[in-house]
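Okay, structure first, notes after.
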Amino acid sequence: MRLYLINPSSPLVSIVKFSENRWNRYRVWKPLSLMILAGLTPPEWEISIVDENLGVPDYPVMPRPDLVGVTAFTSQANRAYEVATHFRRLGVPVVMGGIHATMCLDEVMERVDSVVTGEAETVWPQVLEDARRGRLKRRYDGGLAEIKDVPLARHDLLPARYAFGAIQTTRGCPLNCTFCSVTAFNGSKYRQRPIPDVVREFKSVREKHVLVVDDNLIGTRPSHIARAKDLFRAMAQANLRKEWVAQATINCADDEELLALAAKAGCRGVFVGFESPAPQGLLELGKKFNLLKGRDFRASVRRIQRHNILVVGSFIIGLDMDEPGIGTRIAEVASQYGLDNLNVLFLTPLPGTRLWDRMKSEDRIALNAFPEDWKYYTLTYPVARYKYLSLDGSIQEMISCNRNFYSTPRILRRMCTSLWQQREPLISLVGNLSYRSNIPLDCKAYADFKRQRGDRYDRVSGV
Ligand code: B12
Ligand code: SF4
């Protein structure tokens, strides 16, 4: 039995367009979901994982599979449907799963043979067995998996062309920010994989550099942080010789021992969601966690960097409080915090989030011709109507933010500071050049976007 597991390309996400920009090679990540499905698949299946972000293969010349599994974020949904149509025309059954299939079940049901909602660990073996017997059900619901049932991912099944490997050590997030799908999809309970499993899997990752995909590697409670410390101790003891980056909330800066252990275990960078330069903005996004303890963000960032860990910060443009000038303000605040890299996104109502419900009820979702418009749900396009920012205005804010933060003098200043602080500036430089060289690509993409979808913004938000 032959199984293809396919990660559809996402043509509008500039970070995956590494053929157009060589620095983007460092920002293309492995589709871990498919490697986990492969880990759950019994040996009688011959598995091929196809990541279209490395190039779309010539499917007609490939051997005919018995089953196709497709994953998709919302932004990949259209391409996922094209892939599904191709294989269904050949009479090959197609199963789709992942976040988009879970949040937009009815839409997906119309376009594939079978849908898996939720986490797949409990149901995937059954799906395969039913497919083998030609009795696929229309829907399987995996709900939330027992974390100990997450298998070792098959890191051997993808080519060695990625700069980073990928691994997951926890699932779920209790914080439920308004714009984020994680709590709706993975639940509010913070579930931690057994440490020996994680260490064993780390050893099987081929790449020297690894992305830990957890939404918050250290969690929020003292017990979570104690577990993170145990994990880092075990990783250091296993002498993995890996360097890794992870997402974490800013509270990771509060514990020197935690930072020291993380660095010893190979941590080289953390991705932190700052989201808004104003407390009012954090309240609007439900990110109250960042407001705790009257935090001094600059001091927190510096504490992390002292352990030779880079800090990449994420901010959002398009909040109800964001007025013209927000782009420059974010760039300035990010520079004041001392961030090594800045990632700015548009406030995007992703299906299944609280933000989606609110913006939909206020008729503020401008790009709503689905499924075609899903391709713009990359967080890099202004798909909604913002309170004080027009379409042109919001794009202008994004461009001026990136131009300001990634200007030559600011990059040089950051490199000098890194050297002065005796940190390794190379990874930071690659990140800076990657973001900076995407600015012209983004400008072109926004011009196309305005031509194709500009008419949807002919009225300003009614709020
Ligand atoms: C790592 C990550 C990335 C990485 C790597 C992506 C990749 N190639 O895998 C990078 C940085 C590239 C990235 C980029 C983006 N991401 Co991202 N990312 C994540 C993150 C943190 C973890 C994903 C992951 O690997 N999880 C671990 C695996 C094991 O879980 P899983 O994918 O859910 O898979 C399980 C089930 O869903 C199911 N399943 C999945 N696929 C399939 C397929 C079949 C056939 C079956 C049966 C089951 C099944 O089984 C798996 C095992 O249980 C998630 C948050 C999250 N917790 O999911 C956000 C998340 C997926 N990203 C998100 C977004 C919006 C994006 C971007 C569009 C925007 C951006 N700028 O960040 C881009 C677009 C990339 C693209 N290719 O189009 C959103 C997606 C929401 C949505 N509705 O689409 C999420 C949920 C975060 C959020 N804020 O809400 N991302
Ligand atoms: S943005 Fe981060 S902290 Fe907020 S719900 Fe999502 S994963 Fe949790």
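Just one of ALA278, ALA299, ALA262 is more than 25 Å from the chain's Cα centre (by Cα) and either away from ligand 2 (no atom under 13 Å from the Cβ) or not β-branched (Val, Ile, Thr) (or both); which is it?
Residue meeting the stated conditions: ALA299.
Take the residues in the range 302-324 that are of a type in the set (A, V, I, L, M, F, W, C) and more than 16 Å from LEU347 (Cβ to Cβ); name whichever of them is nearest to the chain's Cα centre (by Cα).
Per the criteria, the residue is VAL312.
Output the residues belonging to the range 345-374 that are under 30 Å from ARG414 (Cα atoms) and open to solvent by 10 Å² or more (accessible area, probe 1.4 Å).
Correct list: LEU345 only.
Which pairs do you get when a residue that is closer than 29 Å to GLY281 by Cβ and open to solvent by 10 Å² or more (accessible area, probe 1.4 Å), found in the range 155-179, comes within reach of a residue that is among the hydrophobic types (A, V, I, L, M, F, W, C) and more than 14 Å from ligand 2 (Cβ to nearest atom), reach meaning Cβ atoms under 7 angstrom, with the pair 6+ apart or on two chains?
ARG171/ILE147
With the condition kept exactly as written, say whether any residue in the range 334-344 is touching a Pro at 6+ places or on another chain (Cβ under 7 Å) and not basic (Lys, Arg).
No, because not a single residue in the range 334-344 is touching a Pro at 6+ places or on another chain (Cβ under 7 Å) and not basic (Lys, Arg).
Each row is one residue, and each column tells you yes or no for (1) touching a Pro at 6+ places or on another chain (Cβ under 9 Å); (2) open to solvent by less than 40 Å² (accessible area, probe 1.4 Å).
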position: LEU391; (1), (2): yes, yes
position: MET398; (1), (2): yes, yes
position: LEU412; (1), (2): no, no
position: LEU419; (1), (2): yes, no
position: SER428; (1), (2): no, yes
position: GLY431; (1), (2): no, yes
position: LYS444; (1), (2): no, no
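Being within 13 Å of ligand 2 (Cβ to nearest atom) and modelled with pLDDT of 95 or more is the filter here; which residues of the range 219-247 pass it?
HIS224, ALA246, GLN247
The values are calculated or read from the model by the stated rules, or taken from the named source; none is laboratory data. In this text, all values refer to a predicted model and were calculated from it rather than measured experimentally. Note: ideal-geometry Cβ built from the backbone for every residue, glycine included; neighbour counts use all protein chains shown. Side chains included, ligands, DNA and RNA excluded: accessible areas come from the protein's heavy atoms. Shrake-Rupley method; radii C 1.70, N 1.55, O 1.52, S 1.80 Å.
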